[in-house]
Amino acid sequence: MTKVLEGIRVLDFGRYIAGPYCGTLLGDMGAEVIRIEKVDGSEDRFLSPISDQGDGALFMQLARNKLGLTLNPMKPEGREIVKKLVATADVVIANLPPDTLQRMGLDYDSLKASRSNIILTTISAFGRGGPYSNRVGFDGLGQAMSGAMYMTGTPDQPMKAYPPFVDFGTASLAAFGTMVALYERQKTGKGQMVEGSLFNTALTMMNGTLIEQSAIQRNRVATLNRSQTSAPADTFKTKDGWVLVQSVGGPLFKRWADLMGEQHWLDDPRFKDDITRGDNAELISARLETWCAERTSKEVLDAMEEVRLPAGPVMSPQEVLDDPHIAAKGLLQPVAYPGLDKPAPLMQTPVELSATPGEIRRRAPTLGEHTDQILQELGYSELEITELRANRVV
């Protein structure tokens with residue numbers, strides 16, 4: 001099957017999540033992606049180590065479908081390799097501050113000197129143009145400075161979400177922007193810069209709350225898992241676990257009131273629409289809390305499914321791995337890696353296309369696994385590669 005991005009070469013200078021996962025998505029769709037990391041391995045390779053060599057769990061996911069090259073672009077010989085690589089590439093991905101890009105020769109003007117129609121996809125904490133432009137930051141900073149952390153947890157304890165959703169959201173938007181830039185280049189022959197930032201993504205996800213605050217100064221504060229704009233929508237303890245119930249809209253509220261035997265609440269002005277139910281969500285949650293406490297999770301979920309109310313169990317990572325829906329759809333693909341006792345369960349491309357789906361074709365590379373192969377393709381001899389390695393350029 002022909003892959004959508006077959007024939008596109010991507011140089012991935014990304015680190016941690018936002019840059020690398022952008023490259024991962026492009027690689028899933030058929031692009032040749034070269035992951036470029038430090039000579040001794042970049043820090044993100046070793047997060048949550050699981051292999052004999054110390055390679056990490058996240059790296060297994062984010063470096064799949066990539067060739068591995070080690071390189072020090074701060075050395076003159078390394079800069080020369082970068083120029084030669086860029087001349088063969090279509091896209092460069094780098095989640096680095098603007099001043100760092102310039103020092104490494106990865107700013108747009110430098111790249112255009114090697115290939116005039118190159119597409120540079122940059123991801124930074126705050127983007128260019130404001131007073132925070134050169135600040136560094138991770139996912140948590142986006143959560144903290146967008147209002148997301150303030151609205152999570154309690155007023156006494158703001159809480160960051162465990163999964164780095166700002167990172168993955170930024171990566172996905174950057175991949176979208178890169179695809180748009182490639183499409184535009186097909187029409188005009190011209191490259192361009194694609195800029196994503198963690199702050200932009202976080203503000204996008206919090207924009208509805210910011211609009212409400214601007215319009216009516218609602219001054220909301222966090223209420224743990226309880227929604228403030230509809231109800232019932234909260235987590236509830238059962239006899240043997242926890243479940244989440246989420247209801248939006250009048251029809252679902254009616255089904256819930258009927259299930260609870262509280263039909264009179266349908267005529268109560270406190271619960272006449274989503275926003276008033278959200279305003280009085282503590283009362284609604286208290287009623288459902290009592291009901292759930294008398295039942296097992298299975299009993300709660302069976303009853304909710306019977307009346308078609310959205311609900312699900314709060315699952316541990318092991319329970320997720322054992323989930324029958326995941327198994328039936330094959331969402332987690334087992335991929336072997338050197339030094340692992342068993343294959344790693346890699347999540348497939350999250351968006352499913354009927355004719356040209358993404359595909360996991362190769363495992364993550366070991367450190368510098370394809371360095372010699374890539375340099376030889378650029379015209380370097382075995383002797384030259386040996387010298388570059390001795391000088392820790394590669």
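Every number in this text was worked out from the coordinates using simple rules, so none of it is lab data. Given the structure is predicted, the values throughout are model-derived calculations rather than measurements. Counting neighbours? That spans all protein chains shown, and the Cβs are built from the backbone with ideal geometry, glycine included.
Could you put Trp265, Trp256 in order, starting from the residue whose Cβ has the fewest other Cβ atoms within 10 Å?
Ranked by crowding around the Cβ, least crowded first: Trp265, Trp256.
When N is the residue count of segment 233-314, what does its C-alpha Rg come to as a fraction of 2.2 N^0.38 Å?
That works out to 1.01 for segment 233-314.
Within 13 Å, Cβ to Cβ, of Glu299, how many net charges do the neighbouring residues add up to if Lys/Arg are +1 and Asp/Glu are -1?
Residues near Glu299 contribute -2 overall.
Given N residues in segment 239-394, what is its alpha carbon radius of gyration divided by 2.2 N^0.38 Å?
1.80
Let me know the whole percent of all Cα-Cα pairs from segment 305-356 that are separated by more than 14 Å.
I get 68 percent for the Cα pairs in segment 305-356 exceeding 14 Å.
Which value in deg cm²/dmol, rounded to the nearest 500, describes the helix-derived mean residue ellipticity at 222 nm for the chain, given -39,500 (n - 2.57) per DSSP H run of n ≥ 4 and division by the residue count?
Per the formula, -11500 deg cm²/dmol.
What does the charge add up to near Arg255, with Lys and Arg as +1, Asp and Glu as -1, over the other residues with Cβ less than 14 Å from its Cβ?
Once positives and negatives cancel, what remains is -1.
Suppose R0 equals 25 Å. What FRET efficiency, 1/(1 + (r/R0)^6) with r the Cβ-Cβ distance, do Asp302 and Leu331 give to the nearest 0.05?
0.55
Can you compute the radius of gyration and Dmax for the chain, using only the Cα atoms, both in Å?
Rg then Dmax for the chain, in Å: 24.9, 84.
Go through Lys38/Lys84; Lys83/Lys190; Lys66/Lys190; Lys112/Lys187 and tell me which ones have a Cα-Cα distance over 21 Å in this structure.
In this structure, Lys66/Lys190 lie more than 21 Å apart at Cα.
Work through the residues other than Leu182 whose Cβ is under 12 Å from its Cβ and net out their charges, Lys, Arg +1 and Asp, Glu -1.
+2
Any idea what angle helix 297-306 forms with the longest principal axis of the chain, computed on alpha-carbon atoms, 0 to 90 degrees, nearest 10?
So the inclination is approximately 80 degrees.
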